[in-house]
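Q: Here you go, one structure.
The values are calculated or read from the model by the stated rules, or taken from the named source; none is laboratory data. Treat the numbers as computed from the prediction; the structure is a model and nothing was measured. With ideal geometry, Cβ positions are generated from the backbone for all residues, glycine too; neighbour counts draw on all protein chains shown. Note: areas computed on protein heavy atoms with side chains; ligands, DNA, RNA excluded. Shrake-Rupley method; radii C 1.70, N 1.55, O 1.52, S 1.80 Å.
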Amino acid sequence: MSGVSLKSIHKSYGTVKVIEDLNLEIHDGEFLVLVGPSGCGKSTLLRMIAGLEEITDGTISIGDRVVNDVPASQRQLSMVFQSYALYPHMSVRKNLAFGLQNLKMPRDEIERRVAEAAQILQIGELMERKPRQLSGGQKQRVAIGRAIVREPQLFLFDEPLSNLDAELRVQMRVELASLYNRLGTTMIYVTHDQVEAMTMATRIVVMRLGVIEQVGTPYELYSKPQNLFVAGFIGSPKINMIKADVVHSDKGVELSLPDFGKFTQPGMQTSDGKMTVCVRPETFKVGDTGAIKASGTVKLVEYLGSEIFVHVALKSGQSVLVHASGNQHFHVGDDITISVDPDEAHYFDAAGLRVERTEVGVAA
Amino acid sequence: MKKFLQKNAPGYVFLAPWLVGFFFLAAGPILASLVLSFTKYDMISPPQFVGLDQYIFMFERDRRFYKALQVTFSFVFLSVPARLIVALAIAMILDKGIRAIGIYRALYYLPSILGSSIAVAILWRQVFAGEGVLNTILAQVGIDGPNWLANPSVSLYTLVTLAMWQFGAPMLIFLAGLRSIPQDLYEAAEIDAASKVRQFFAITLPLLAPVIFFNLVLQMIDAFKTFNSVFIISNGLGSPADSLLFYTLYLFNEAFKFFRMGYASALAWVLLLIIAAFTFIAFMTSRYWVHYENERD
Ligand SMILES: Nc1ncnc2c1ncn2[C@@H]1O[C@H](COP(=O)(O)OP(=O)(O)OP(=O)(O)O)[C@@H](O)[C@H]1O
Ligand SMILES: [Mg+2]
């Protein structure tokens with residue numbers, strides 16, 4: 001087991017810069033998830049850690065060892081590929097044993113590890129099959145098995161579940177989480193499924209265009225997104241973003257929102273005339289119990305049993321998404337009033353950075 | 001029947017040009033040669049039926065037939081593996097090259113790789129003749145080279161070298177095969193601590209097995225049928241000392257020099273059976289070493 005340290009990592013393909021000055025400390029035993037939109041450089045970063053991709057500049061260390069020039073095979077890590085990358089002509093048993101044989105491990109040790117992995121992943125009956133005779137979920141298990149027999153210091157996963165159907169994905173997610181609890185090995189996991197990220201990660205790294213936008217626990221990212229991008233990226237369904245004018249900013253800001261009107265947030269500072277107020281669907285209340293309110297009509301109702309998502313068209317024409325519990329009733333076309341407490345919303349300045357409310361009474 | 005047609009009609013449509021050619025141009029002569037192989041026929045007087053006499057003579061009395069078999073088998077067993085190894089090696093270099101240099105340059109060199117066999121054979125004769133290019137060069141460094149084509153103990157190997165050099169067609173097929181192996185298998189192997197050599201034997205070769213098999217069968221048939229190059233290089237005689245008496249050359253001379261059409265036909269049919277037998281053996285053994293990706297079992 002060991003941590004990974006990335007220091008001012010740069011990566012370009014020719015003139016195209018894919019990763020720019022990236023710094024990240026991955027702690028020993030952590031389950032770190034990399035998320036971000038397609039093309040933001042998640043796979044590239046993972047493959048650089050794996051040693052499959054050269055770094056253009058910077059330093060990568062695994063444990064205490066700088067591995068810039070260490071080949072993939074000697075970095076003591078395992079990787080699970082999105083495509084599984086199982087050797088198609090080898091049986092499951094041989095797929096699992098291949099890496100150990102290359103390390104010239106004694107035969108009984110290989111057999112012990114393969115048997116143990118087979119038992120953990122419950123693929124004992126599949127051992128003599130070829131990959132083409134396996135279902136997607138079984139292939140995924142074998143791919144994970146191939147990773148764990150190496151007993152590596154570090155596991156790398158590149159969207160390992162994205163080829164599975166929804167149900168299997170949930171199941172494998174649980175299994176991966178319990179595998180992590182059992183092994184406690186450092187894991188770096190790339191996904192663009194934020195449910196995977198939120199449920200499995202000890203920390204999440206949100207990337208965009210080769211740059212880290214925020215690093216934090218799932219709770220931190222959800223409750224204190226540092227910028228508009230993270231606010232919009234984390235949380236499903238997506239957070240509501242309402243453009244606001246800053247009317248007055250002396251001892252705090254006085255905001256003017258379409259539909260919701262004006263209100264004051266004391267202890268907040270911004271020099272710009274514009275802000276974005278973000279409200280999660282579940283932060284909205286149906287009815288007028290919140291401090292600021294707006295009315296509109298129900299446009300669409302998504303009933304999910306235990307919960308309901310109500311799409312509301314407000315007077316000004318903007319539409320917001322409101323979460324309600326499943327025992328309430330909504331009909332398309334109904335008039336509806338929604339409200340929110342300003343302190344439960346997130347505020348971002350014109351540059352998209354989070355604006356915090358400094359504690360009242362504490363000198364800024 | 002209707003279902004069969006519906007399912008397979010497109011295949012037959014694509015086969016049609018070949019089928020037309022086969023039935024209208026080739027099938028007749030093929031059948032005729034089978035009939036002629038049971039006759040004596042000098043192309044002037046009408047064929048005389050002699051039963052199995054031609055075949056009996058061939059197997060019991062014709063020492064040149066055995067010599068031709070020996071030369072041809074030696075050639076096939078040496079040249080086919082040699083050509084396939086060269087083809088695979090070049091394909092692997094080009095595969096890397098295409099990734100690095102771009103497909104354009106590879107395509108640019110292909111015509112020179114493909115080369116027509118007659119032109120190449122004539123060139124080869126210039127290079128390997130007693131006073132040819134090769135010996136001239138060797139003389140510069142004080143080596144007195146043999147006459148590569150006229151010396152019976154080396155002439156066959158010279159031809160094998162020539163065959164090796166004609167790697168174009170199998171090379172292209174290997175190249176396509178190499179490109180169809182997913183790159184991430186090599187990445188997985190890299191992480192699995194497999195050396196490049198190990199990757200070649202544990203991944204490239206087994207995954208290429210269907211292509212190797214295909215090339216093997218094709219090249220084997222091709223090698224059994226070698227004619228043009230040996231005809232030109234040995235001046236159509238199989239000389240020196242019958243060391244280049246390829247089966248096809250022997251057959252050709254029997255037919256068109258000595259006008260023993262009946263005997264030549266019998267020789268042709270024996271060659272056909274030999275090729276068929278080898279192909280059959282290749283197919284029989286293939287299931288032990290050829291792994292097909294989409295095979296159902
Ligand atoms: N070999 C390459 N040559 C040139 N550009 C590349 C190469 N590999 C990746 N890129 C570029 O680098 C950027 C990052 O790619 P990367 O595969 O890391 O994205 P990703 O975050 O994993 O995306 P996804 O979620 O779609 O897998 C992309 O813009 C991609 O086009
Ligand atoms: Mg990716």
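Q: Give me a count of the residues in the range A:114-163 that are among the hydrophobic types (A, V, I, L, M, F, W, C), more than 16 Å from ligand 2 (Cβ to nearest atom) and farther than 17 Å from residue B:192 by Cβ.
A: Matching residues across the range A:114-163 total 8.
Q: Can you tell me which condition residue A:41 does not meet? The list is (1) more than 12 Å from ligand 1 (Cβ to nearest atom); (2) at positive phi; (3) crowded, with 20+ Cβ neighbours inside 10 Å, and all the others hold.
A: (1)
Q: Next question, about the same structure. Identify the residue in the range A:242-257 that is modelled with pLDDT of 90 or more and surrounded by fewer than 17 Cβ atoms within 10 Å (Cβ to Cβ) and, among all such residues, is nearest to residue A:319 (Cα to Cα).
A: It comes out as A:243.
Q: With touching a strand residue (DSSP E or B) at 6+ places or on another chain (Cβ under 9 Å), under 20 Å from residue A:185 (Cα atoms) and away from chain B (no Cβ under 13 Å) as the only criterion, which of A:119, A:140 stands out?
A: On the way: A:119 fails: touching a strand residue (DSSP E or B) at 6+ places or on another chain (Cβ under 9 Å).
Unique residue meeting the criteria: A:140.
Q: Would you mind telling me which numbered condition in (1) in the same structural domain as residue A:36 (by TED's automatic domain parsing); (2) crowded, with 20+ Cβ neighbours inside 10 Å residue A:222 fails?
A: (2)
Q: Tally time: how many residues in the range A:66-110 are more than 16 Å from ligand 2 (Cβ to nearest atom), touching an Asp or Glu at 6+ places or on another chain (Cβ under 7 Å) and assigned to a loop (DSSP other than H, G, I, E, B)?
A: Of the residues in the range A:66-110, 2 are more than 16 Å from ligand 2 (Cβ to nearest atom), touching an Asp or Glu at 6+ places or on another chain (Cβ under 7 Å) and assigned to a loop (DSSP other than H, G, I, E, B).
Q: I'd like to check which helices (runs of 4 or more DSSP H) are fully inside the range B:122-227 and have at least 2 residues that are touching a residue at least 12 places away in the same chain (Cβ under 8 Å). Working first, answer last.
A: On the way: elements: B:133-140, B:152-165, B:168-179, B:183-191, B:196-199, B:205-224.
Counting at least 2 such residues, we get B:133-140, B:152-165, B:168-179, B:183-191, B:205-224.
Q: Restricting the search to the range A:323-336, which residues are surrounded by 15 or more Cβ atoms within 10 Å (Cβ to Cβ) and in contact with an Asp or Glu (Cβ under 6 Å, 6 or more places away or on another chain)?
A: If we filter the range A:323-336 for residues that are surrounded by 15 or more Cβ atoms within 10 Å (Cβ to Cβ), which is where we start, we get A:323-324, A:330, A:336.
Across the range A:323-336, the qualifying residue is only A:323.
Q: Among the residues that make up the range A:168-181, is at least one of them under 23 Å from residue A:3 (Cα atoms), within 14 Å of chain B (Cβ to nearest Cβ) and away from ligand 1 (no atom under 16 Å from the Cβ)?
A: Looking for residues that are under 23 Å from residue A:3 (Cα atoms), within 14 Å of chain B (Cβ to nearest Cβ) and away from ligand 1 (no atom under 16 Å from the Cβ), one finds none in the range A:168-181, hence no.
Q: Now for a different question. Just checking, which of B:44, B:56 is at pLDDT 90 or above and open to solvent by 50 Å² or more (accessible area, probe 1.4 Å)?
A: Working: B:44 fails: at pLDDT 90 or above.
Result: B:56 is the single residue among B:44, B:56 that is at pLDDT 90 or above and open to solvent by 50 Å² or more (accessible area, probe 1.4 Å).
Q: Going by the structure shown, is residue A:11 within 13 Å of ligand 2 (Cβ to nearest atom), buried (at least 19 other Cβ atoms within 10 Å of the Cβ) and either without any contact (Cβ under 8 Å) to a residue 24 or more places away in the chain or of a type in the set (D, E, K, R) (or both)? It would help to see each step written out before you state the result.
A: Details: within 13 Å of ligand 2 (Cβ to nearest atom): no; buried (at least 19 other Cβ atoms within 10 Å of the Cβ): yes; either without any contact (Cβ under 8 Å) to a residue 24 or more places away in the chain or of a type in the set (D, E, K, R) (or both): yes.
The answer is no for residue A:11.
Q: Quick test for you: out of A:264, A:191, A:217, pick the one residue that is within 16 Å of ligand 1 (Cβ to nearest atom) and among the β-branched types (Val, Ile, Thr).
A: Exactly one residue qualifies, and that residue is A:191.
Q: If you don't mind, there's one more thing I want to ask. Hey, can you tell me all the residues within the range B:169-193 that are within 14 Å of chain A (Cβ to nearest Cβ) and more than 27 Å from residue A:75 (Cβ to Cβ)? Please lay out each step first, then the result.
A: We begin by selecting, within the range B:169-193, every residue within 14 Å of chain A (Cβ to nearest Cβ); these are B:177, B:180-193.
Within the range B:169-193, B:177, B:180 meet the criteria.
So that you can scan it fast, the table gives a plain yes or no per residue for (1) within 14 Å of chain B (Cβ to nearest Cβ); (2) touching a Lys or Arg at 6+ places or on another chain (Cβ under 8 Å); (3) closer than 21 Å to residue A:141 by Cβ:
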site: A:8; (1), (2), (3): no, no, no
site: A:28; (1), (2), (3): no, no, no
site: A:62; (1), (2), (3): yes, yes, no
site: A:96; (1), (2), (3): yes, yes, yes
site: A:102; (1), (2), (3): yes, yes, no
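Q: While we're here: Filter the range A:49-60 down to residues that are within 16 Å of ligand 2 (Cβ to nearest atom) and under 30 Å from residue A:219 (Cα atoms) and give me whichever is farthest from the other protein chains (Cβ to nearest Cβ). Full working, then the answer.
A: Going residue by residue through the range A:49-60, those that are within 16 Å of ligand 2 (Cβ to nearest atom) are A:49-50, A:52-53.
Adding the requirement that they be under 30 Å from residue A:219 (Cα atoms) leaves A:49-50.
Details: A:49: 11, A:50: 6 Å.
Ranking the qualifying residues of the range A:49-60, first place goes to A:49.
Q: Now a separate question. Go through (1) modelled with pLDDT of 90 or more; (2) more than 30 Å from residue A:102 (Cβ to Cβ) and name the single condition residue B:181 misses.
A: Of the numbered conditions (1) modelled with pLDDT of 90 or more; (2) more than 30 Å from residue A:102 (Cβ to Cβ), the odd one out for residue B:181 is (2).
Q: Among the residues of the range A:184-193, write down those that are in contact with a helix residue (DSSP H, G or I) (Cβ under 8 Å, 6 or more places away or on another chain) and away from ligand 2 (no atom under 15 Å from the Cβ).
A: Scanning the range A:184-193 gives a single hit, A:187.
Q: Would a scan of the range B:235-248 turn up a residue that is on the phi > 0 side of the Ramachandran plot and acidic (Asp, Glu)?
A: Start the filter on the range B:235-248 by keeping residues that are on the phi > 0 side of the Ramachandran plot, which leaves B:235-236, B:238, B:241-242.
Restricting the remaining residues to those that are acidic (Asp, Glu) gives B:242.
So far as the range B:235-248 goes, yes, one or more of its residues are on the phi > 0 side of the Ramachandran plot and acidic (Asp, Glu).
Q: Within the bounds of the range A:344-361, is there any residue that is loosely packed, with under 15 Cβ neighbours inside 10 Å, free of Cβ contacts under 8 Å to residues at least 40 places away in the same chain, closer than 30 Å to residue A:267 by Cβ and not assigned by TED's automatic domain parsing to the domain that holds residue A:268?
A: Within the range A:344-361 (the criterion being loosely packed, with under 15 Cβ neighbours inside 10 Å, free of Cβ contacts under 8 Å to residues at least 40 places away in the same chain, closer than 30 Å to residue A:267 by Cβ and not assigned by TED's automatic domain parsing to the domain that holds residue A:268), the answer is yes, since at least one residue qualifies.
Q: Which one of these does residue B:226 not meet: (1) surrounded by fewer than 19 Cβ atoms within 10 Å (Cβ to Cβ); (2) within 20 Å of residue B:279 (Cβ to Cβ); (3) of a type in the set (Val, Ile, Thr)?
A: (1)
Q: Just to check your reading of the model, which residue among A:53, A:128 is in contact (Cβ under 8 Å) with a residue 12 or more places away in the chain, more than 16 Å from ligand 1 (Cβ to nearest atom), of a type in the set (Asp, Glu) and open to solvent by 30 Å² or more (accessible area, probe 1.4 Å)? Full working, then the answer.
A: Working: A:53 fails: more than 16 Å from ligand 1 (Cβ to nearest atom).
Result: A:128 is the single residue among A:53, A:128 that is in contact (Cβ under 8 Å) with a residue 12 or more places away in the chain, more than 16 Å from ligand 1 (Cβ to nearest atom), of a type in the set (Asp, Glu) and open to solvent by 30 Å² or more (accessible area, probe 1.4 Å).
Q: I would also like to ask the following. Need the failing condition index for residue B:196 against (1) on the phi > 0 side of the Ramachandran plot; (2) open to solvent by 40 Å² or more (accessible area, probe 1.4 Å); (3) within 12 Å of chain A (Cβ to nearest Cβ), just the number.
A: It is condition (1) that residue B:196 fails.
Q: Right, next: Going by what's in this entry, would residue A:91 be described as more than 8 Å from every other protein chain (Cβ to nearest Cβ), under 30 Å from residue B:287 (Cα atoms) and open to solvent by less than 50 Å² (accessible area, probe 1.4 Å)? Step through it out loud before you land on a result.
A: Details: more than 8 Å from every other protein chain (Cβ to nearest Cβ): yes; under 30 Å from residue B:287 (Cα atoms): yes; open to solvent by less than 50 Å² (accessible area, probe 1.4 Å): yes.
When the stated conditions are applied, residue A:91 passes them.
Q: While we're on this one: Evaluate the range A:160-182: report whether one residue or more is under 30 Å from residue A:104 (Cα atoms), surrounded by 23 or more Cβ atoms within 10 Å (Cβ to Cβ) and assigned by TED's automatic domain parsing to the domain that holds residue A:88.
A: Among the residues of the range A:160-182, at least one is under 30 Å from residue A:104 (Cα atoms), surrounded by 23 or more Cβ atoms within 10 Å (Cβ to Cβ) and assigned by TED's automatic domain parsing to the domain that holds residue A:88, which makes the answer yes.
Q: Failed condition for residue A:34, given (1) within 11 Å of ligand 1 (Cβ to nearest atom); (2) assigned to a loop (DSSP other than H, G, I, E, B); (3) in contact (Cβ under 8 Å) with a residue 60 or more places away in the chain, with all others met?
A: Every condition holds for residue A:34 apart from (2).
Q: Here's another thing I want to ask about it. Which of the following residues is facing another protein chain (nearest Cβ under 8 Å) and open to solvent by less than 20 Å² (accessible area, probe 1.4 Å): A:46, A:77?
A: Numbers: A:46 fails: facing another protein chain (nearest Cβ under 8 Å).
After ruling out the rest, the residue left standing is A:77.
Q: Tell me whether the range A:271-289 contains one or more residues that are open to solvent by less than 20 Å² (accessible area, probe 1.4 Å) and over 28 Å from residue A:325 (Cα atoms).
A: At the first step, the residues of the range A:271-289 found to be open to solvent by less than 20 Å² (accessible area, probe 1.4 Å) are A:275-281, A:284.
Restricting the remaining residues to those that are over 28 Å from residue A:325 (Cα atoms) gives A:275.
Scanning the range A:271-289 turns up at least one residue that is open to solvent by less than 20 Å² (accessible area, probe 1.4 Å) and over 28 Å from residue A:325 (Cα atoms).
Q: In addition: Taking residue B:273, is it assigned to a loop (DSSP other than H, G, I, E, B), away from chain A (no Cβ under 14 Å) and open to solvent by 50 Å² or more (accessible area, probe 1.4 Å)? Spell out how you get there, then give the answer.
A: Values: assigned to a loop (DSSP other than H, G, I, E, B): no; away from chain A (no Cβ under 14 Å): yes; open to solvent by 50 Å² or more (accessible area, probe 1.4 Å): yes.
Considered against the rule, which asks whether it is assigned to a loop (DSSP other than H, G, I, E, B), away from chain A (no Cβ under 14 Å) and open to solvent by 50 Å² or more (accessible area, probe 1.4 Å), residue B:273 comes out as no.
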